[in-house]
Amino acid sequence: MADRVTVIGWDGSPLTRAATAALSAATLVAGAAHHLALPEVPKAAERIRLGSVDLAARRIAGHRGSAVVLADGDPGFFGVVRTLRAPEHGLEVEVVPAVSSVATAFARAGMPWEDAQTVVAHPRTLRRAVNVCRAHHKVAVLTSPGAGPAELALLLEGVHRTFVICEELGTDREQVTVVTSDAAADHVWRDPNVVIVIGGGPERRAEGAWIAGRHPAYPQGVRGWALPADAYRGAGQDAEGESGEGEAPGLRAAQLAHLGPRTGDLLWDIGSGSGALAVEAARFGAAVLAVDSDPAACARTAAAARAFGVQLQVVEGRAPHVLERLPEPDVVRIGGGGVPVVTAVADRRPERIVTHASTRDEAEALGAALAENGYTVACSLLQSVELDTSAWSERERSVVFLLSALRSDLAP
């Protein structure tokens, strides 16, 4: 087993004294081609071109001597340290860090970044990375071959963003380019690169910020979710606060609980009405497409999103036809449209679907359509009564069937 494994971060700056000392004593050095070409790498040392970190870790574990692994930026931030420390390799790791590529990218852009999301885009995670870019104002994307700026731009079609593309940071070929997202798809970009994705509204002020990443999105004094109608007054709503069938806070709470929207998901809210559910899903960090055929409902949803400081995309059109041009969803809430809309949604194979019905016959028809299309269906009858506590009298009653469907291949 290697006597010692030192992981050295490299950001293009001269190596520190500690890094130089570790390299001079190394009998094995692993890294990318530009790392292995550094003059500080001993000529007599065994060299491993770093592709699969797991394979390199096995080689290192079987080596007798001092091993060094070179990596770009901070190797403890989405880097090789986690893999090298995995129990199956049994390696003791010492880290000499450098400035992370994300920090360097924001420095080149002259921007603060405590409010930024950071995601890694591989071909298998690209869609989820794009969903984070849809949902947040500022995102740093660590790209990879096949999941770079052009691919990000193609999947963001219809969503305007600004890309700050930082190619080959720390090298003589470093280049920083600012383009709109629609122009990024028409260019070949050099690896490695970091993309800062910005847009969707004004940057939020961060006075008093105390936590990195996305700041909680709710107006001053508002706490919680499945908010009452009063919370949406003044956010483009009418005097009643709610509009559209099935938007009672209790039903909305149950729908959100069954859907479980989260960061990296894309939620379709079909029949968005007041925008309440769309806004609250966005507050959980999900990307949201709010669909409604009523221009006034679309305007209400957009106004509510602005009021609550969240990013979402409003799509005006009638389901099911408008759904054909939308990107693939993870979870879907259907606010109306009957069996044709349910069937069209099921054809897109989201993980979860929720809808509701006002009668048992309607609930049975919707449940049958979901089951026939490969979903495991649960149905509950929800009844809520709002009371006037000054007289303890009934103010409003809501009775609705809630249908929750899980794709059958995911069902327990």
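Run the dipole for segment 275-394 about the Cα centre, Lys and Arg Cβ at +1, Asp and Glu Cβ at -1, nothing else charged, and hand back the magnitude in debye, nearest 20.
Details: 10 positive and 16 negative charges, 85 e Å.
The dipole magnitude comes to about 400 debye.
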If I model a spin label at SER408 and GLU88 as a point 7 Å from the Cα along the Cα→Cβ vector, what separation in nanometres do I get? 3.4
I want to verify a result. In a Gaussian network model of the chain, Cα cutoff 10 Å, which of these has the top mean-square fluctuation: GLN175, GLN311, GLN117? GLN175
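How large is the dipole of the chain about the Cα centre if only Lys and Arg carry +1 and Asp and Glu carry -1, each at its Cβ, rounded to the nearest 20 debye?
1220
Give the percent of DSSP beta bridges with both residues in the chain that are antiparallel, rounded to the nearest 5. Could the numbers behind the result be given before it?
Details: 38 of 77 bridges.
Expressed as a percentage, antiparallel bridges in the chain total about 50.
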For the chain, what is the calculated [θ] at 222 nm in deg cm²/dmol (nearest 500), taking -39500 (n - 2.57) for each run of four or more DSSP H residues and dividing by its residue count? -7500 deg cm²/dmol
Nearest-0.05 FRET efficiency for SER52 and GLN175, computed from C-beta distance (R0 22 Å): 0.20
Among PRO192, PHE284, VAL93, the residue whose Cα sits farthest towards the positive end of the charge dipole of the chain (+1 at Cβ of Lys and Arg, -1 at Cβ of Asp and Glu, taken about the Cα centre) is VAL93
Run the dipole for segment 22-71 about the Cα centre, Lys and Arg Cβ at +1, Asp and Glu Cβ at -1, nothing else charged, and hand back the magnitude in debye, nearest 20. 140
Distant-in-sequence amide H partners of HIS137 (H built 1.01 Å from N, under 5 Å): none
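Tell me, what is the FRET efficiency for GLU394 and GLU114 to the nearest 0.05, using R0 = 60 angstrom and their Cβ-Cβ distance as r? Please list the in-between numbers first.
Details: r = 49 Å, r/R0 = 0.81.
The formula returns an efficiency of 0.80 here.
Take every DSSP beta bridge with both residues inside segment 262-412 and express the antiparallel ones as a percent of the total, to the nearest 5. Walk me through the numbers before you get to the answer.
On the way: 20 of 37 bridges.
Here the antiparallel bridges make up roughly 55 percent for segment 262-412.
What longest range of the chain stays clear of loop-exposed GluC sites (Glu not before Pro) (DSSP non-H/G/I/E/B, at most 10 other C-beta within 10 angstrom)? Could the numbers behind the result be given before it?
Values: sites that count: GLU88, GLU207, GLU240.
Between the exposed loop sites, the longest stretch runs 241-412.
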Name the residue farthest towards the positive end of the dipole of the chain from the options ALA346, THR162, CYS298, assuming +1 on Cβ of Lys and Arg, -1 on Cβ of Asp and Glu, about the Cα centre. THR162
With the contact rule set at Cα under 8 Å and sequence spacing of 6 or more, what percent relative contact order holds for segment 18-87? 36
Cα-projected label distance for GLU328 with THR16, points at 7 Å along beta-carbon direction, nm: 4.3
For the chain, which whole-number percentage of the solvent-accessible area (1.4 Å probe, protein heavy atoms only) is attributable to carbon and sulfur atoms? 52
Work out from phi, with θ = phi - 60° and the Karplus expression 6.51 cos²θ - 1.76 cosθ + 1.60, the ³J(HN,Hα) of each residue of segment 362-373, listed in order in whole Hz, and give x for Gly and Pro. 5, 4, 5, 5, 5, x, 5, 4, 5, 5, 5, 9
Ignoring solvent entirely, what values of log10 I(q)/I(0) come out of the Debye formula for the chain at 0.08, 0.12, 0.13 Å⁻¹ when each Cα is a single scatterer? -0.55, -0.98, -1.07
Assuming 0.36 nm per residue, please report the length gained on full extension of the stretch ARG124 to ARG306 beyond their Cα-Cα distance. 62.3 nm
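How large is the accessible surface per residue of segment 1-124, computed with a 1.4 Å probe and reported in Å² as a whole number?
Per-residue accessible area for segment 1-124 comes out at 52 Å².
Calculate, in nm to one decimal, what GLU372 and ALA44 gain on full extension: separation in residues at 0.36 nm each, minus their alpha carbon distance.
Details: separation 328, 0.36 × 328 = 118.08 nm, distance 6.65 nm.
Here the segment from GLU372 to ALA44 would lengthen by 111.4 nm.
The values are calculated or read from the model by the stated rules, or taken from the named source; none is laboratory data. All figures in this text were calculated on a predicted structure; none of them were measured in a lab. We place every Cβ from the backbone using ideal geometry, glycine too, and count neighbours over all the protein chains shown. Keep in mind that these areas ignore ligands, DNA and RNA; they rest on the heavy atoms of the full protein, side chains included. Shrake-Rupley method; radii C 1.70, N 1.55, O 1.52, S 1.80 Å.
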